[in-house]
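*Asks:* Okay, here's the structure, questions in a sec.
The values are calculated or read from the model by the stated rules, or taken from the named source; none is laboratory data. All of these numbers come straight from a predicted model, not from anything done at the bench. Methodologically, a virtual Cβ is constructed for each residue, glycine included, from the backbone with ideal geometry; neighbour enumeration extends over all protein chains shown. We work out accessible area using only protein heavy atoms, side chains counted, and drop any ligands, DNA or RNA first. Shrake-Rupley method; radii C 1.70, N 1.55, O 1.52, S 1.80 Å.
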Amino acid sequence: AALARELGDMSDVPQNVKKEVVGIIREMKQLWKDNNAGGVSELRLWIDSMQRLSGFSRELSLQLCLAMSRCLAVERGTSRPNRVELQQAFVRMGGVRHVCNMMMMRLDDEVVVGHVIRLLTASIRNSPLASEALQRDGLSNLKLVFRSIERHRKCWEVAEAGCLLVGNLCCCTATDDGKLMPSRTAAHRTCQGVMASEGAMDMVVELVETYLQEVKDLANKAQILMQEKVKEAEKEDLKSEEILVGKSAPKPKLGKMGLKDRIMKVQANVELRAAWQKVIDTELPSGRVQDAALQALILITVANQDTTRQLAGTFWVQHINAIVDLGADFTEKAKEKADEKKNRKKRRQGAESDSDSEDGNGPPGKGARRRKKDKTIELPTGEARKSMTSLESLSHKLHLIVDVLRGRAAKDRPHLAIRACRLAQILLEHHRSLLEKVRALGNNECRAVAVRLIGGPVPEDNREVEQPFNTMHSIVAALIITLKCHSENSMVITAVMTTLAELRAIALLSAPAGMRIGGSGVEKAWQALLIQAAGPGTDAEHMMRQAAKILVKRADQTAQGDHRKSVQGIMPNELEGYGEWLTPRCRPHAAAAKSIAESLASDALRGTWSAGGEPGRWEKIEKRREQLDKEQKLRDEKKAAAAAGMTVEEYRAQIAATALPEVEEASSTSSQSGGKGRDEEADLDLPDWEEEDMMGEQKWLRAVGFGEHDQEDFDRMWRKPITDALLFNMPEKATPGSKWAEKAATARRKLQEEAEALGVPLEDALDELLVVEMLESVQGKLRVRALVRPQDRIQQNVIEMRAADITKPAQTAKSVTGELCKNMKKNGYLLPKLGIHVKMTRRSASLAQLRSE
């Protein structure tokens, strides 16, 4: 027992070799305790021990694999022999062959198979020379390893180790410095082709599909169980409500029945919790396998058109086979149900079933003749005949990636989502290259046809197709869901935006027959797809702009981190605080993703406007009209009150007193004449929404500077921007309660008395610093007078200084014209193409002069 606790299980070791086995295991453990990973001599001794003793002890086989893995994986710096030399020595000494032989002796043991695969991975990691030596040693050992992985694919440790082995055979692992995607050596390029030809690519794709489906099935079962529990709880609540409505509620029973009910309720919850716990326990290893498998597929296909083409074909075949299997399962279940119904009917009639006819050995019936009937394949007609099937093929290729992005594992694993997007980018780049070749050939053929059709009508590319990119909906929706789940992760945002940019380029190249490639019709279809994929209730434009803001924020945080590094002299892993620090290799990609996000936001905005016009445009117009009506009514009331010698409140009270009987009379008359009253008459002033052309070309009410502007146009469009632009250059009022405020009040009263003596109606603007009014309007020119009334001496001096400054042409263009254009843009007006020219002159005038003018 003590020996087992120290060295492991020794029950299978014969007595004649037990002493030697124990000595080897103790030496390896002591060597590791002494912080010594071993050298060439230890490696030769371990390979010889594996060749002689691995068949006698399972524990020795595992310990030898661990010791050799540590020896080959440890970075040794400048000491000799280095890691690459040890890896080459392992291959030259026949280590791969002996390890594979030991694995074949214990092929049923998944733990041993996993340790062997990890040892082979350590022997070729970051070493093209070791990969080349492994190929020269023969591919038979690799084939045995791949078959062993397929045999134990249900063990997630073996599956993950196999994916890591495939990836390391095709490329070097990432380093802290150097290129993000270094050039492939000849050995690694050869390994890429070997992985595709020897079935490793198919094996990895099958692993992804298997582990995805396993988690999906368990989650569906748990969801169904939860729905059943919810329905049972709703039924119990409904019964209790019926009891309370029909009669008085029964007294709760105490004792054993109450305890039994509580126990049953706890057991039901335990069952549900166990189902979800099983989902979580399965999802953890499934996510690791998917991560390693996607990385292996990326390394097999990157910078290799041949393997990329084979992977695209593998994905297509995998999806088609899944559809066929699903249809076969459905047909089989439907047939079983039909046979069961048929047998039940025969049993009711008392007839015996004919086993020969059921087995298909009897005379063929009507159904047999129908199955043997030849099938004819018809060409598609209508729009299906004109559509490009390349997009449908692309959707089949990306279906497994869509499942990964929509899966449970990708929701809390940003690295998995990034790898899925990267693999999708490789496939999309390959597909786009094919489309560009097709486009070039098509252009040549179109020119040849146009030459032959000289003298006859040449067809134009002006056909309109509804939803030509429906097959791309799944991948775009999956990317948007990924963006929602990882909205704060800059690297996920970068990967998603880059993938969406590739999809957009492919969509513009995949125009159906009759539509111009890259034309406005194709762009509108892509924009509509982007809005539909976002789903109802989701603002795609806001999402894209938020993603761009996150990237800008991360760039600022990176600049702060660089400053801390330079000032404090620390390393990137020593940075503390909330935020992200982008590596130098990631920064250009993040900057490009920011531009892509802004472009996609523009597409989303145009798609929203094309679908239903400007959001809230008509409500804004109606609200602005109501505001202008109120302002005009107030001005009319002030003028009428001034003419009658009353205040505005007195005038309103007089109008209300005189209009009240008329309102009552009108209401009584309308009630007698069939119900048409003031409400319906008032509705005539509202805009007719049915007559408004929501989708038409007319987007604006009036053209700026075209024609003459009346007072209503001036109040609606020009008054507020001009007032804001001039007030921006004016000083503020004196502080209330100060001596300057008291002097301003005295001057205001004096001005009021002077105005009353002269009969100038200025009551509505005495408290205002600035009053703007229109004097003249002709086509292309508007003359406006701005009356400035300083309320104290200091304010007057400041206004005179600023007026002398802003009336200069250069300062007018800088201070007034720019502010006026900005205010007009804020209020939603489209400025003329050549802009607005403002000219200002200054003069002083008394109240008498103003009255005369």
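*Asks:* For the condition assigned to a helix (DSSP H, G or I) and touching an Asp or Glu at 6+ places or on another chain (Cβ under 9 Å), what is the one hit in Gln546, Gln532, Gln527?
*Replies:* Gln527
*Asks:* Six or more apart or on different chains, Cβ atoms under 8 Å: show the pairs whose first residue is in the range 57-78 and over 17 Å from Arg44 (Cα atoms) and whose second is among the polar types (S, T, N, Q) and open to solvent by 10 Å² or more (accessible area, probe 1.4 Å).
*Replies:* Final answer for the pair search is Arg76/Asn82.
*Asks:* Do any residues in the range 172-196 that are among the polar types (S, T, N, Q) have Cβ atoms under 7 Å from those of residues that are open to solvent by less than 30 Å² (accessible area, probe 1.4 Å) and at pLDDT 80 or above, where the two are at least six apart or on different chains, and which pairs are they?
*Replies:* Matching pairs, first to second residue: Gln192/Cys170; Gln192/Ile300; Gln192/Asn304; Gln192/Thr307.
*Asks:* If you check Met104 against the conditions, is it open to solvent by 50 Å² or more (accessible area, probe 1.4 Å) and touching a residue at least 40 places away in the same chain (Cβ under 8 Å)?
*Replies:* Answer is yes for this residue.
*Asks:* So, Val816, is that one modelled with pLDDT of 80 or more, within 30 Å of Lys743 (Cβ to Cβ), surrounded by 15 or more Cβ atoms within 10 Å (Cβ to Cβ) and among the hydrophobic types (A, V, I, L, M, F, W, C) or not?
*Replies:* Judged against the criteria, Val816 is a match.
*Asks:* Now for a different question. Of the residues that make up the range 596-617, is at least one at pLDDT 90 or above, closer than 26 Å to Ile418 by Cα, open to solvent by 60 Å² or more (accessible area, probe 1.4 Å) and charged (D, E, K, R)?
*Replies:* Yes, that holds for at least one residue.
*Asks:* Which of (1) over 53 Å from the mean Cα position of the chain (by Cα); (2) surrounded by 14 or more Cβ atoms within 10 Å (Cβ to Cβ); (3) among the hydroxyl-bearing types (Ser, Thr, Tyr) does Ser61 not meet, given it meets every other one?
*Replies:* Here Ser61 meets the rest and fails (1).
*Asks:* Of the numbered conditions (1) aromatic (Phe, Trp, Tyr); (2) at pLDDT 75 or above; (3) farther than 20 Å from Lys839 by Cα, Trp740 fails exactly one; give the number of that condition.
*Replies:* Unmet for Trp740, out of (1) aromatic (Phe, Trp, Tyr); (2) at pLDDT 75 or above; (3) farther than 20 Å from Lys839 by Cα: (2).
*Asks:* Another question, then. Could you tell me how many of the residues in the range 7-44 are out of contact with any Gly (no Cβ under 7 Å at 6 or more places or on another chain) and assigned to a helix (DSSP H, G or I)?
*Replies:* 24
*Asks:* Let me ask something additional. Please work out which residue is nearest to Arg716 (Cα to Cα), limiting yourself to the range 632-651 and to residues that are in contact with a helix residue (DSSP H, G or I) (Cβ under 8 Å, 6 or more places away or on another chain) and acidic (Asp, Glu).
*Replies:* Glu637
*Asks:* Also, quick follow-up: For the range 120-175, which helices (runs of 4 or more DSSP H) that fit wholly inside it have 1 or more residues that are among the hydroxyl-bearing types (Ser, Thr, Tyr) and surrounded by fewer than 24 Cβ atoms within 10 Å (Cβ to Cβ)?
*Replies:* Answer list for the range 120-175: 140-151.
Residues are listed down the side, and each one gets a yes or a no for (1) modelled with pLDDT under 90; (2) under 14 Å from Glu206 (Cα atoms); (3) not aromatic (Phe, Trp, Tyr):
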site	(1), (2), (3)
Leu272	yes, no, yes
Ile280	no, no, yes
Ala296	no, yes, yes
Asn304	yes, no, yes
Leu311	no, yes, yes
Ala322	yes, yes, yes
Phe330	yes, no, no
Lys333	yes, no, yes
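*Asks:* Please specify each residue of the range 74-107 satisfying the condition of being part of a loop (DSSP other than H, G, I, E, B), within 44 Å of the chain's Cα centre (by Cα) and charged (D, E, K, R).
*Replies:* If the condition is that a residue be part of a loop (DSSP other than H, G, I, E, B), within 44 Å of the chain's Cα centre (by Cα) and charged (D, E, K, R), then Glu75, Arg76 are the ones that fit.
*Asks:* Another question, then. Is there a residue in the range 567-576 that is open to solvent by less than 50 Å² (accessible area, probe 1.4 Å), under 23 Å from Ala525 (Cβ atoms), out of contact with any helix residue (DSSP H, G or I) (no Cβ under 6 Å at 6 or more places or on another chain) and outside any helix (DSSP H, G or I)?
*Replies:* Looking for residues that are open to solvent by less than 50 Å² (accessible area, probe 1.4 Å), under 23 Å from Ala525 (Cβ atoms), out of contact with any helix residue (DSSP H, G or I) (no Cβ under 6 Å at 6 or more places or on another chain) and outside any helix (DSSP H, G or I), one finds none in the range 567-576, hence no.
*Asks:* Looking only at the range 789-813, which residues are in a loop (DSSP other than H, G, I, E, B) and surrounded by 14 or more Cβ atoms within 10 Å (Cβ to Cβ)?
*Replies:* Arg789, Pro790, Gln791, Asp792, Thr807
*Asks:* Additional query: When the range 108-135 is examined, which residues are found to be farther than 16 Å from Leu60 by Cα, hydrophobic (A, V, I, L, M, F, W, C) and more than 39 Å from the chain's Cα centre (by Cα)?
*Replies:* Hits for the range 108-135 are Leu129, Ala130, Ala133, Leu134.
*Asks:* Can you tell me which residue within the range 577-594, out of those that are open to solvent by 70 Å² or more (accessible area, probe 1.4 Å) and part of a helix (DSSP H, G or I), is farthest from Met491 (Cα to Cα)?
*Replies:* Pro588
*Asks:* Now a separate question. Between a residue in the range 453-471 that is more than 29 Å from Ser395 (Cα to Cα) and any residue that is at pLDDT below 70 and open to solvent by 80 Å² or more (accessible area, probe 1.4 Å), which pairs come within a Cβ distance under 9 Å, given they are 6 or more apart or on different chains?
*Replies:* These pairs meet every condition: Leu453/Pro459.
*Asks:* From the set of residues in the range 474-524 that are within 30 Å of Arg463 (Cβ to Cβ) and in contact with a Cys (Cβ under 9 Å, 6 or more places away or on another chain), which is surrounded by the most Cβ atoms within 10 Å (Cβ to Cβ)?
*Replies:* The selected residue is Thr499.
*Asks:* Considering every residue within the range 445-457, establish whether at least one is surrounded by fewer than 16 Cβ atoms within 10 Å (Cβ to Cβ) and acidic (Asp, Glu).
*Replies:* Within the range 445-457, one or more residues are surrounded by fewer than 16 Cβ atoms within 10 Å (Cβ to Cβ) and acidic (Asp, Glu).
*Asks:* Go through the range 796-821 and report how many residues are in contact (Cβ under 8 Å) with a residue 24 or more places away in the chain and within 38 Å of the chain's Cα centre (by Cα).
*Replies:* 1
*Asks:* Can you tell me which of Gln546, Gln532, Gln527, Gln560 is buried (at least 21 other Cβ atoms within 10 Å of the Cβ) and not aliphatic (A, V, I, L, M)?
*Replies:* Being buried (at least 21 other Cβ atoms within 10 Å of the Cβ) and not aliphatic (A, V, I, L, M) holds for just one of Gln546, Gln532, Gln527, Gln560, which is Gln527.
*Asks:* How many residues, within the range 554-584, are touching a residue at least 12 places away in the same chain (Cβ under 8 Å) and in contact with a Gly (Cβ under 9 Å, 6 or more places away or on another chain)?
*Replies:* The qualifying residues number 10.
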